[in-house]
Amino acid sequence: MAGVGGVAPGPGDTGYRAWLDGLRAVAVYLVVVFHAGVAGWAGGFVGVDVFFVLSGFLVTRLLLKDLTSEAGRVGYGRFYARRFRRLLPAAFVVLVITALVYAALASPVEIADAVGGFKAAFLYVANWYFIDQAADYFGADLATNPVLQFWSLAVEEQFYLAWPLLLGGLFAITRRFGRAQWRIRQGTILTAGILSLAWAWSLRNSDPSRAYYGTDARAYQLLAGALLALTPGLIGRFRRYARAAGWVALAAIAGIVLVASSATNTLDPIQRGTAVTALTVVILIGLETTTTGPARWGLSLAPIVYLGKISYGTYLWHWPVILIITRTFGLSPWSTTAYTVVVATALASLSYQLLEHPIRLSQLLDRHRYPVIATGLATSALSALLLIPNILQPTTTRTPITTTTATSGFTPVPSELDYSAIKSDSGIKLPDCLAKPASACTIATGDGPSILLIGDSHSAMLIPAFLAIAEEHDLTLSVSARLACPWQRDLYVVPQDDPVRRRKACERAKEDTYNRLLDELDPDVVVAMNLGYERGEIMTVLGPDGDELLSGSAELEDWIEETTTRSLAELRAGGRKVVLLDPIPYAGEGFNPLSCLSEAEVVDECRYVADTTRSSLEALYRELDAADDQVWSLDLDGLVCPFLPICDPIVNGVVVNSDFTHLTSSFVKTLAPDLYEYLIDNGVLR
């Protein structure tokens with residue numbers, strides 16, 4: 001094995017290191033345990049961070065073999081052909097089989113949500129696709145997307161595309177600097193890595209999805225591995241501490257496990273990723289330095305090494321296996337983990353033996369590099385543009401939808417609804433004005449009164465109606481809204497199924513709204529709306545100390561009352577008018593009227609009975625309305641459900657719901673006349 005026996009590996013040393021495969025095995029099963037939802041492993045996603053550092057290290061060592069050879073340049077044809085042969089065959093099989101299974105199990109609405117992800121995965125841009133989805137005020141649920149795991153592969157594939165060109169260019173430019181050329185290269189990569197890390201940290205609160213999925217925000221991890229590959233002398237300097245290095249590497253592995261556990265829940269994903277990047281570099285230095293030690297011995301055991309060799313396939317297969325298990329059997333997280341490990345590992349081994357390994361070692365393919373590249377590109381493009389749409393082709397139509405009423409008897413569901421169009425119609429990009437000029441919040445400008453819409457995704461949901469009002473009646477409309485971020489200053493929630501802590505981002509957004517935007521925009525009217533968080537079904541409400549407040553508890557109601565009253569006083573400062581919109585009805589978590597329509601024969605099957613009992617929040621809104629003649633409370637229930645308490649999935653020919661709590665943009669636009677009439681009749685707009 002190269003690098004063993006007291007000789008530090010040189011820049012072009014690409015000798016096999018068994019323990020690197022062992023480290024891959026540790027990383028992939030951390031991700032499996034995390035995705036299976038096992039309590040205590042809320043940070044298991046850091047296994048991906050380990051993969052990124054290893055990729056930067058290994059690919060750079062491979063490129064250095066070319067760059068330090070007599071030719072002094074990268075063999076681009078060989079490099080890219082090998083990348084396609086290594087990555088595409090297994091990915092193609094997983095994507096196609098997943099699409100076929102998903103087409104059989106999922107509803108048309110779920111399929112409509114997933115098609116874009118499959119296309120993006122084949123085109124190596126899944127990470128940017130998920131960033132775009134997360135930017136919608138309520139995009140598709142990323143946590144249940146069947147190709148979610150391909151985001152990290154997209155980051156690596158983009159790196160593989162750009163890095164040979166960039167590194168080759170850097171070598172060509174710096175060769176004229178003689179003995180200083182290596183320091184210049186190292187300094188350049190170090191600088192780029194620091195800039196990427198700073199960028200990730202700058203986004204971690206304002207745009208956590210961008211910080212987590214973005215290639216530029218992840219580049220520092222790949223560059224950390226690359227920089228280590230370019231600095232072999234560092235390993236040589238630690239050679240004198242070889243015995244201690246083995247134990248340091250073991251401690252660093254333990255550190256990664258600790259960061260992956262729930263013991264570090266105070267750290268967000270970017271902080272965890274930074275720590276794991278540093279720990280992985282320490283592991284690489286430690287294990288390159290020593291020839292013995294428990295860490296090197298354990299990671300080099302034959303079974304562990306084999307699991308690492310097939311880790312790529314395990315990573316590809318584990319996520320669809322988890323989704324099928326949870327959807328079909330409803331097992332506990334530990335049972336899900338056990339079955340996933342067995343099934344995903346078996347599929348990965350089968351793929352490795354029958355597909356990946358033979359293709360990667362094929363001498364015939366090695367002699368035809370450019371045809372391999374062309375075939376790989378064509379396969380990816382045609383799969384995205386033709387194959388996936390044919391497998392996951394949602395039903396489409398141009399036929400009109402008949403009006404549904406509560407007394408019309410059994411109304412057949414229109415035989416063909418364009419569910420993909422309905423979902424696309426409901427995707428709204430929020431204005432991004434955090435720490436930017438207040439004008440960035442404004443989406444319509446007029447000479448009449450100005451309105452500021454604030455709250456969570458339910459306030460953003462109403463943008464089409466208020467935008468129509470503003471454009472028709474010459475008003476100014478601004479929006480400051482954020483997913484899962486209530487309008488009340490001190491009210492915070494976190495999704496029950498989302499391990500990523502959103503409080504810091506929400507807190508920063510609210511501080512910006514209350515401390516800056518209100519004064520700079522100086523709206524005449526503030527319209528505030530949230531989901532009914534006091535029900536506690538979808539989100540966990542956090543109290544003043546960050547502790548969870550139980551649904552229905554007196555502590556929860558008292559805290560919502562206190563923070564709502566104080567926040568309203570801030571909104572009213574300067575004589576602003578405030579309209580408080582009640583939460584809209586919904587049947588409860590698990591019932592999605594749109595999904596129901598996609599599987600039902602008659603519309604009546606997808607009706608539900610709304611809870612018309614006035615909630616504590618709605619009662620508070622009425623009290624605040626009665627106490628201040630410049631505060632209004634508005635109940636939208638009758639507009640959303642004209643035959644309350646019965647709620648129809650189609651009203652006046654328009655599909656109402658885009659998911660189980662939000663309204664479609666098309667339906668929201670139909671509310672504009674009634675909303676405007678209310679604002680005029682009650683003296684809100686004068």
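The values are calculated or read from the model by the stated rules, or taken from the named source; none is laboratory data. Model, not experiment: these values are computed from the prediction. Note that each Cβ is placed from the backbone with ideal geometry, even for glycine, and that neighbours are counted across all protein chains shown.
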Part of a strand (DSSP E or B) and either over 30 Å from residue 575 (Cα atoms) or free of Cβ contacts under 8 Å to residues at least 60 places away in the same chain (or both) - does that describe any residue in region 613-621? no
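For every residue, the table says whether it meets (1) part of a helix (DSSP H, G or I); (2) among the charged types (D, E, K, R); (3) more than 20 Å from residue 285 (Cβ to Cβ).
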| position | (1), (2), (3) |
| --- | --- |
| 55 | yes, no, no |
| 59 | yes, no, no |
| 62 | yes, no, no |
| 70 | no, yes, yes |
| 85 | yes, yes, yes |
| 89 | yes, no, yes |
| 95 | yes, no, yes |
| 98 | yes, no, yes |
| 101 | yes, no, yes |
When you check residue 483 against the structure, is it within 30 Å of residue 543 (Cβ to Cβ), at pLDDT 95 or above and of a type outside the set (Phe, Trp, Tyr), yes or no? no
Residue 301 vs. criteria closer than 30 Å to residue 145 by Cβ, in the same structural domain as residue 98 (by TED's automatic domain parsing) and hydrophobic (A, V, I, L, M, F, W, C): no
Quick one: which residue in 384, 348 is in contact with a Lys or Arg (Cβ under 6 Å, 6 or more places away or on another chain) and under 29 Å from residue 36 (Cα atoms)? 384
So residue 115, is it among the β-branched types (Val, Ile, Thr), in the same structural domain as residue 385 (by TED's automatic domain parsing), within 27 Å of residue 42 (Cα to Cα) and not in a loop (DSSP other than H, G, I, E, B): no
Do we have any residue at all in region 231-254 that's within 28 Å of the chain's Cα centre (by Cα) and not small (Gly, Ala, Ser)? yes
Regarding residue 597, is this residue within 28 Å of residue 674 (Cβ to Cβ) and in contact (Cβ under 8 Å) with a residue 12 or more places away in the chain? yes
Looking at region 226-246 only, could you name the residues that are of a type in the set (Gly, Ala, Ser) and either out of contact with any helix residue (DSSP H, G or I) (no Cβ under 7 Å at 6 or more places or on another chain) or buried (at least 23 other Cβ atoms within 10 Å of the Cβ) (or both)? 226, 229, 233, 236, 244, 245
When region 438-461 is checked residue by residue, the ones that are buried (at least 24 other Cβ atoms within 10 Å of the Cβ) and of a type in the set (A, V, I, L, M) are 451, 452, 453, 454, 460, 461
Pairing a residue in region 428-454 that is more than 18 Å from residue 527 (Cα to Cα) with any residue that is in a loop (DSSP other than H, G, I, E, B) and of a type in the set (S, T, N, Q), where Cβ atoms lie under 6 Å and the two sit 6 or more apart in sequence or on different chains, gives 434/206
Looking at 648, 674, 629, which one is outside the structural domain of residue 555 (by TED's automatic domain parsing), among the charged types (D, E, K, R) and modelled with pLDDT of 90 or more? 648
Hey, residue 244 out of contact with any Lys or Arg (no Cβ under 8 Å at 6 or more places or on another chain), at pLDDT 95 or above and not polar (S, T, N, Q) or not: no
Among the candidates 185, 204, 175, residue that is surrounded by fewer than 20 Cβ atoms within 10 Å (Cβ to Cβ) and out of contact with any strand residue (DSSP E or B) (no Cβ under 6 Å at 6 or more places or on another chain): 175
Across region 632-660, the tally of residues that are part of a strand (DSSP E or B) and either in contact with a helix residue (DSSP H, G or I) (Cβ under 8 Å, 6 or more places away or on another chain) or buried (at least 20 other Cβ atoms within 10 Å of the Cβ) (or both) stands at 9
Quick one: residue 246 ticks every box in (1) touching a Ser or Thr at 6+ places or on another chain (Cβ under 8 Å); (2) under 30 Å from residue 66 (Cα atoms) except a single one, so which number is it? (2)
Return yes when residue 347 is closer than 19 Å to residue 96 by Cβ, without any contact (Cβ under 8 Å) to a residue 40 or more places away in the chain, within 29 Å of the chain's Cα centre (by Cα) and crowded, with 19+ Cβ neighbours inside 10 Å and no when it is not. yes
For a quick check of your reading: which helices (runs of 4 or more DSSP H) sit entirely within region 506-600 and have at least 1 residues that are under 14 Å from residue 486 (Cα atoms) and either in contact with a His (Cβ under 6 Å, 6 or more places away or on another chain) or modelled with pLDDT of 95 or more (or both)? 554-572
Output the qualifying pairs, or none if there are none: Cβ atoms under 6 angstrom, residues six or more apart or on different chains, first residue in region 179-206 and under 28 Å from residue 131 (Cα atoms), second residue of a type in the set (Phe, Trp, Tyr) and assigned to a helix (DSSP H, G or I). 193/220; 196/220; 197/220
Go over the candidates 629, 674 one by one and state the one that is assigned to a loop (DSSP other than H, G, I, E, B) and without any contact (Cβ under 8 Å) to a residue 40 or more places away in the chain. 629
Which count do you get for residues in region 319-334 that are among the small types (Gly, Ala, Ser) and at pLDDT 95 or above? 0
Only one of these conditions is not met by residue 541: (1) over 30 Å from residue 449 (Cα atoms); (2) out of contact with any helix residue (DSSP H, G or I) (no Cβ under 6 Å at 6 or more places or on another chain). Which number is it? (2)
List every residue pair whose Cβ atoms sit under 9 Å apart, with the two residues 6 or more apart in sequence or on different chains, where the first one lies in region 153-173 and is farther than 13 Å from residue 184 by Cα and the second, anywhere, is charged (D, E, K, R) and part of a helix (DSSP H, G or I). 155/218; 157/83; 159/218; 160/83; 161/83; 164/66; 168/66
Scanning for something exposed (fewer than 15 other Cβ atoms within 10 Å of the Cβ) and among the β-branched types (Val, Ile, Thr), does region 592-611 turn up at least one residue? yes
